[in-house]
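One structure is given here, and the rest of the page talks about it.
The values are calculated or read from the model by the stated rules, or taken from the named source; none is laboratory data. Because the structure is a prediction, the values reported are computed rather than measured. Note that each Cβ is placed from the backbone with ideal geometry, even for glycine, and that neighbours are counted across all protein chains shown.
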Amino acid sequence: MSEPDAISAPITALSPDDVRVLDFSSVVGLLNEPNMPSGGGRTVRRVIAMARLAPGARVLDIGSNTGYTSIELASWLDAQVVGIDINPVATAFAKAKAARYGLANVRFDVADATDLPYPSASFDLVYCSNTTSFIHDHRRARDEYYRVLAPLGRLVAVPIYYASPPPESLRRRVGDAMGVDLAVTDQDYWRDLFSDGEATLIEQETYEYVRQSPERIASYVKSILDQPHLESVDARVLQAAAERLTHFYELFDENLTYARYDILMYRCGHPNPEPVLHRTRAVR
Ligand SMILES: C[S@@+](CC[C@H](N)C(=O)[O-])C[C@H]1O[C@@H](n2cnc3c(N)ncnc32)[C@H](O)[C@@H]1O
C-alpha cells in the first residue's frame, strides 16, 4: 500500500513494510496514541484558566488528532467543543473515545485548518498546540483561525520552537518524521505569526523540556501497544509499529533538548492596551 492511502487505512490493512515508512501523525492515528500537547493536561487546564470562557462558549481545537485536548476541554467546560483534523483515522478514534465517555458537548470533523468549513466569527476560543508547524502555509492557517473567531474571542497557540539551533541532520530527520520540510523557528517567529492587527497578546508563558530515559520511552511505547484495539493485529506489524514509535520518541526527545514551548493567548478587539509601561512582579 502506498503512503497516501496508509493514513486512511486501519492498521489491520497494513504490512510491516507499510508501517516502517509512515510519518509520525499517521502512526499516532493508527495506534490511537493519546497525542497530548506539550505539558499534557496541565497545559489544557492552564489554557482554560487563561481563557475565562462564559458558559455555552464555542471552542475549536485545531489538529485534534485522537481527541486528547478536545476531550479534556469538553470534560471541564460548559462549552461546545469542535475538534478538527485532516487525518480521518485519528478522527474516528477521537469520536469513539468521546462516545465512550458519554461527552455530548464535543464533536469531531475531518477538515483542513487552511480552509475551515465554518462561517466567520463562529467560535469564542480557537486553540492550536503543535499543529501549525505541520501545515505548509502557516499564514493561511493563522488567517483562518482569526476568521472564525468572534469579537472578543481568544486565540491560544502552544508552539514548539528552537531556543538554540539544532544540528542540520537532526532538523532533517525531525522534518522527515513529521512529513514536512521543518523550518527552524524561534520564539519571535510564532509570536509574530499569531500577532494580528485586531488581536492583543494577553498572556505569554515559556516552558522547557526535561530529557527522558530510554526506559521511560520503552514503557510508554508498551502502554500504547497494550491497548485492546491492537490485540488482534499481526505481531510483525505491531513490532514494526513499536520500532517506529520508539524511533520517533527518541528522535523528538533529542530534538526537544534544543526546544521550548510557549502558551500564547491573543484576544480579538480587547478594549484596553497591554502591557503596562512600568512592569511589576509578585513579591515572594
Ligand atoms: C502533532 S499532532 C498534534 C496535535 C495535538 N493536538 C497537540 O496537542 O499538540 C499534529 C496534527 O495536525 C494534523 N494536521 C496536519 N495538517 C493539518 C491540516 N492542514 N489541517 C488539520 N489538521 C492537520 C495532523 O493530522 C496531526 O493530527
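A few comments on the model shown:
- Members of the range 120-178 found to be at pLDDT 95 or above and small (G, A, S), listed by number: S120, A121, S122, A141, A150, G153, A157, A163, S164, S169
- For the range 85-95, a residue qualifies if it is among the aliphatic types (A, V, I, L, M), near the ligand (Cβ under 9 Å from one of its atoms) and crowded, with 23+ Cβ neighbours inside 10 Å, and exactly one does: A90.
- Among the candidates V221, V283, residue that is crowded, with 16+ Cβ neighbours inside 10 Å and of a type in the set (V, I, T): V221
- Of the residues making up the range 67-84, those that are more than 10 Å from the ligand (Cβ to nearest atom) and in contact with a strand residue (DSSP E or B) (Cβ under 9 Å, 6 or more places away or on another chain) are I71, L73, A74, S75, L77, D78, A79, Q80, V81, V82.
- Single condition Y189 does not satisfy, out of (1) at pLDDT 95 or above; (2) more than 30 Å from R58 (Cβ to Cβ): (2)
- Residues considered: T206, T246. Of these, the only one that is surrounded by fewer than 18 Cβ atoms within 10 Å (Cβ to Cβ), in contact (Cβ under 8 Å) with a residue 24 or more places away in the chain and over 30 Å from A49 (Cα atoms) is T246.
- Screening P166, P151, P119 for residues that are surrounded by fewer than 16 Cβ atoms within 10 Å (Cβ to Cβ) and either within 11 Å of the ligand (Cβ to nearest atom) or more than 23 Å from P273 (Cα to Cα) (or both) leaves exactly one candidate, P119.
- Any hit, the range 46-64, residues being closer than 12 Å to R107 by Cα, within 14 Å of the ligand (Cβ to nearest atom), touching a residue at least 24 places away in the same chain (Cβ under 8 Å) and among the small types (G, A, S): yes
- The set of residues in the range 122-141 being away from the ligand (no atom under 12 Å from the Cβ) and of a type in the set (D, E, K, R) consists of D124, R139.
- The range 1-18 residues that are modelled with pLDDT of 50 or more and charged (D, E, K, R), paired with ones that are part of a helix (DSSP H, G or I) and surrounded by 12 or more Cβ atoms within 10 Å (Cβ to Cβ) (beta carbon under 9 Å, 6 or more apart): D17/A240; D18/E3; D18/A6; D18/V237; D18/A240
- Of the residues examined, D124 is not one that is charged (D, E, K, R) and either in a loop (DSSP other than H, G, I, E, B) or surrounded by fewer than 18 Cβ atoms within 10 Å (Cβ to Cβ) (or both).
- Some residue of the range 94-110 being farther than 19 Å from Y68 by Cα and of a type outside the set (S, T, Y): no
- One residue from R267, R236 being crowded, with 17+ Cβ neighbours inside 10 Å and either hydrophobic (A, V, I, L, M, F, W, C) or in contact (Cβ under 8 Å) with a residue 40 or more places away in the chain (or both): R267
- Selection of first residues in the range 176-188 that are among the hydrophobic types (A, V, I, L, M, F, W, C) and of second residues that are more than 10 Å from the ligand (Cβ to nearest atom) and modelled with pLDDT under 85, restricted to Cβ pairs under 7 Å at least 6 apart or on distinct chains, gives an empty result.
- Residue check for R107: away from the ligand (no atom under 13 Å from the Cβ), modelled with pLDDT of 95 or more and within 13 Å of Y127 (Cα to Cα): no
- Number of the exception - E144 against (1) over 12 Å from the mean Cα position of the chain (by Cα); (2) near the ligand (Cβ under 9 Å from one of its atoms); (3) of a type outside the set (G, A, S): (2)
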